[in-house]
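Participant: Take a look at the following structure, please.
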2 protein chains.
Amino acid sequence: MTESPARTPQTERTRLMRQRLLEATVDSLVELGWAGTSTTIVSQRAGVSRGAQLHHFPSKQDLVVAAVEYIAERRREELFVDLDLLPEQGRTRAVLDLLAGQFTSPVFLAALELWVAARTDPDLQAKVAPFERRVGRETHARAVELLQVDESRGRNRQLVQATLDLLRGLGLAATLTDDSARRASILDAWAETLDRELER
Amino acid sequence: MTESPARTPQTERTRLMRQRLLEATVDSLVELGWAGTSTTIVSQRAGVSRGAQLHHFPSKQDLVVAAVEYIAERRREELFVDLDLLPEQGRTRAVLDLLAGQFTSPVFLAALELWVAARTDPDLQAKVAPFERRVGRETHARAVELLQVDESRGRNRQLVQATLDLLRGLGLAATLTDDSARRASILDAWAETLDRELER
C-alpha cells in the first residue's frame with residue numbers, strides 16, 4: 001500500500017478505524033442479517049469505542065450507507081483482474097466465473113440484506129437505489145470489456161445484461177441451498193450460448 | 001369453487017379464517033418486510049381475534065411457514081393457464097412473460113423476505129429450503145411443458161434452468177427500481193435466443 005507522505009499518523013489511525021467499522025458492518029450483515037445488525041454490535045466487533053463510532057456514524061443508517069459504498073468499491077476491485085491472465089481457451093467460461101464471484105461473495109450477501117431492507121424502507125431506498133444503479137452500470141461496462149464485445153452490435157447489449165441478471169438469480173438461489181454443481185452446469189451451457197450468440 | 005358436501009359450516013368458517021390469516025401474512029411481508037411482520041399485526045389485518053390466531057398458529061414461525069406453503073400453492077396455480085391460450089406467433093416470448101410473473105408478483109416479494117430471513121436463521125432455513133427445492137422442481141417442470149421441449153435433448157435442460165435463474169435475477173433487480181423497459185428488452189432478446197438454441 002502506498003501512503004501519501006502528507007498523511008499524518010492521526011488521519012491514518014482514523015482511516016483504519018473507519019475501515020474496521022465498515023468491514024465489521026459488512027460482516028455483521030452477512031452473519032446476522034439486517035435485523036440482527038446494530039451500531040452496538042458493530043462497534044464491539046470492530047473494537048472501536050461507542051463514542052468514536054457515534055462520532056463517525058451517528059446512526060445505523062449512516063453506518064450502513066457508508067458500508068454500501070465500501071461494499072461497492074470492493075466489488076468493483078475484484079473485477080479488475082489483468083485481462084491477459086484470462087485463458088484463450090474457455091475464455092468466456094472463465095469470465096462467467098469471474099463475474100459470478102460478484103454474486104456469491106460475502107459482499108453480495110451484505111448487499112442483498114440492504115436491497116431487501118430498502119424495499120420496505122423509503123429513506124434507505126432513496127440512498128441505496130441511485131447507488132445500485134451506478135454500480136450496475138459499472139459492472140455492465142466491465143462485463144462488456146471482459147467479454148470483448150462491441151455492445152452496439154446485434155443483441156450484444158441485451159445478452160450482457162441477461163448474463164448479469166442470470167448471475168444475480170443464481171446468487172440469490174445459492175443463499176438458500178448449496179447448488180454449486182447446478183450452477184456450474186448452467187454456466188457451461190450459458191458460455192456456449194454466448195459464444196454462439198454474441199456478435200464479435 | 002366446488003365444496004365437499006361433507007364440509008360443515010364450522011369447518012368452512014375455519015378454512016376461511018385460516019386463509020385470511022395466511023393472506024394477511026403475505027400482505028404484511030410484502031408491505032412491511034420480515035422484521036415488520038408480527039403475529040399481532042397479522043391478526044389485526046385479518047380481522048381475527050388474537051386467541052383464534054394463536055390457536056391456529058402459535059408463533060410467527062408457524063404462521064410464516066404455513067404462509068410459505070400457501071404462497072407456493074398460489075405461485076403454482078398462476079402457471080397453469082390453458083396452453084391453447086398461448087399465441088402461435090411469439091409463443092416463447094409469451095411464455096417468458098408468464099414465467100416472469102412468478103418473479104415480480106407480490107408472492108415473489110413475500111418469498112424473497114422469507115429467503116433472506118432464512119439465510120441467517122437456521123430453524124427457518126430448515127423449513128424453507130426443502131420446500132423451495134420442491135417448488136423449484138415444480139416450476140422447472142412446468143416451464144419445460146410451457147416451452148414444449150424435451151429436456152433430455154442437447155442443452156435444453158440447462159437452458160430452461162438458466163431461463164428461470166435469469167427471471168429470478170430480473171425479479172430481484174425489480175424490487176429496487178422499476179426497470180420494466182430494460183426487462184422487456186432483455187426478454188425479447190432471450191426469447192429469440194431460446195428459439196434458436198433450444199432443440200425442438
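The values are calculated or read from the model by the stated rules, or taken from the named source; none is laboratory data. On a predicted model such as this, the values are computed, not experimentally measured, just so you know. Cβ placement follows ideal geometry from the backbone for every residue including glycine, while neighbour counts extend to all protein chains displayed.
Participant: So, in the stretch A:121-148, how many residues would count as being among the acidic types (D, E) and away from chain B (no Cβ under 13 Å)? If you could, list the steps in order and put the result at the bottom.
Facilitator: Our first condition is that a residue be among the acidic types (D, E); within the stretch A:121-148, this holds for A:121, A:123, A:132, A:138, A:145.
If we keep only those that are away from chain B (no Cβ under 13 Å) too, we end up with A:123, A:138, A:145.
Selection size over the stretch A:121-148: 3.
Participant: Let me ask you something else. Going through the stretch B:177-200 one residue at a time, which ones are under 19 Å from A:H140 (Cα atoms) and not in a helix (DSSP H, G or I)?
Facilitator: Taking the stretch B:177-200 as the starting set, the residues that turn out to be under 19 Å from A:H140 (Cα atoms) are B:177-190.
Matches in the stretch B:177-200: B:T177, B:D178, B:D179.
Participant: Which of the residues that make up the stretch B:38-55 are charged (D, E, K, R) and within 23 Å of the chain's Cα centre (by Cα)?
Facilitator: To start, the set of residues in the stretch B:38-55 that are charged (D, E, K, R) comprises B:45, B:50.
Correct list: B:R45 only.
Participant: What is the number of the single condition among (1) within 14 Å of another protein chain (Cβ to nearest Cβ); (2) without any contact (Cβ under 8 Å) to a residue 60 or more places away in the chain that B:A94 does not meet?
Facilitator: Evaluating B:A94 over (1) within 14 Å of another protein chain (Cβ to nearest Cβ); (2) without any contact (Cβ under 8 Å) to a residue 60 or more places away in the chain leaves (1) as the failure.
Participant: Identify the single condition in (1) crowded, with 21+ Cβ neighbours inside 10 Å; (2) at pLDDT 95 or above; (3) more than 7 Å from chain B (Cβ to nearest Cβ) that A:F103 does not satisfy, given that it satisfies every other one.
Facilitator: Evaluating A:F103 over (1) crowded, with 21+ Cβ neighbours inside 10 Å; (2) at pLDDT 95 or above; (3) more than 7 Å from chain B (Cβ to nearest Cβ) leaves (2) as the failure.
Participant: Limited to the stretch B:27-64, what total is found for residues that are surrounded by fewer than 18 Cβ atoms within 10 Å (Cβ to Cβ) and of a type in the set (G, A, S)?
Facilitator: Going through the stretch B:27-64 one residue at a time, the tally reaches 8.
Participant: Going residue by residue through the stretch A:66-76, is there one that turns out to be within 14 Å of another protein chain (Cβ to nearest Cβ) and touching a residue at least 60 places away in the same chain (Cβ under 8 Å)?
Facilitator: yes
Participant: Just one of the numbered conditions (1) in contact (Cβ under 8 Å) with a residue 12 or more places away in the chain; (2) surrounded by fewer than 18 Cβ atoms within 10 Å (Cβ to Cβ); (3) within 23 Å of B:G154 (Cα to Cα) is not true of A:D123; which one?
Facilitator: Going through (1) in contact (Cβ under 8 Å) with a residue 12 or more places away in the chain; (2) surrounded by fewer than 18 Cβ atoms within 10 Å (Cβ to Cβ); (3) within 23 Å of B:G154 (Cα to Cα) one by one, A:D123 breaks only (3).
Participant: Residues being more than 7 Å from chain A (Cβ to nearest Cβ) and either more than 11 Å from B:R200 (Cα to Cα) or not in a helix (DSSP H, G or I) (or both): count how many of those fall in the stretch B:149-163. Can you show your working first?
Facilitator: The first filter runs over the stretch B:149-163 and keeps only residues more than 7 Å from chain A (Cβ to nearest Cβ), leaving B:149-154, B:156-157, B:160, B:163.
Those left that are additionally either more than 11 Å from B:R200 (Cα to Cα) or not in a helix (DSSP H, G or I) (or both): B:149-154, B:157, B:160, B:163.
Within the stretch B:149-163, residues that are more than 7 Å from chain A (Cβ to nearest Cβ) and either more than 11 Å from B:R200 (Cα to Cα) or not in a helix (DSSP H, G or I) (or both) number 9.
Participant: Inspect all residues belonging to the stretch A:115-122 and state whether any of them is among the β-branched types (V, I, T) and more than 16 Å from the chain's Cα centre (by Cα). Even if it seems obvious, please write down each step before you answer.
Facilitator: First pass over the stretch A:115-122, keeping only residues among the β-branched types (V, I, T): A:116, A:120.
Keeping just the survivors that are more than 16 Å from the chain's Cα centre (by Cα) gives A:120.
Yes, that holds for at least one residue.
Participant: Could you identify the single residue in A:A72, A:A67 that is surrounded by 16 or more Cβ atoms within 10 Å (Cβ to Cβ), among the small types (G, A, S) and modelled with pLDDT under 85?
Facilitator: Details: A:A67 fails: modelled with pLDDT under 85.
Going through A:A72, A:A67 in turn, the sole match is A:A72.
Participant: I would also like to ask the following. Cβ-Cβ distance below 6 Å, separation of 6 or more or different chains: which pairs start in the stretch A:185-197 with a residue that is at the interface with chain B (Cβ under 7 Å from one of its Cβ atoms) and end on one that is among the polar types (S, T, N, Q)?
Facilitator: From residues that are at the interface with chain B (Cβ under 7 Å from one of its Cβ atoms), the pairs are A:S185/B:Q158; A:I186/B:Q158; A:I186/B:Q161; A:A189/B:Q158; A:E197/B:T193.
Participant: Between residues in the stretch A:51-64 that are farther than 19 Å from A:D123 by Cβ and residues that are among the hydroxyl-bearing types (S, T, Y), which pairs lie under 6 Å by C-beta distance while being six or more apart or on different chains?
Facilitator: What qualifies is A:Q53/A:S43.
Participant: Within the stretch B:170-184, restricting attention to residues that are at the interface with chain A (Cβ under 7 Å from one of its Cβ atoms) and in contact (Cβ under 8 Å) with a residue 24 or more places away in the chain, which residue is nearest to A:A129 (Cα to Cα)?
Facilitator: Going through the qualifying residues, I end up with B:T175.
Participant: Just to be sure I understand, how many residues within the stretch A:133-169 are in contact (Cβ under 8 Å) with a residue 40 or more places away in the chain, closer than 30 Å to B:Q125 by Cα and of a type outside the set (V, I, T)?
Facilitator: 3
Participant: Please verify whether B:W115 is at pLDDT 95 or above and facing another protein chain (nearest Cβ under 8 Å), treating the condition exactly as stated.
Facilitator: On the way: at pLDDT 95 or above: no; facing another protein chain (nearest Cβ under 8 Å): yes.
Answer is no for this residue.
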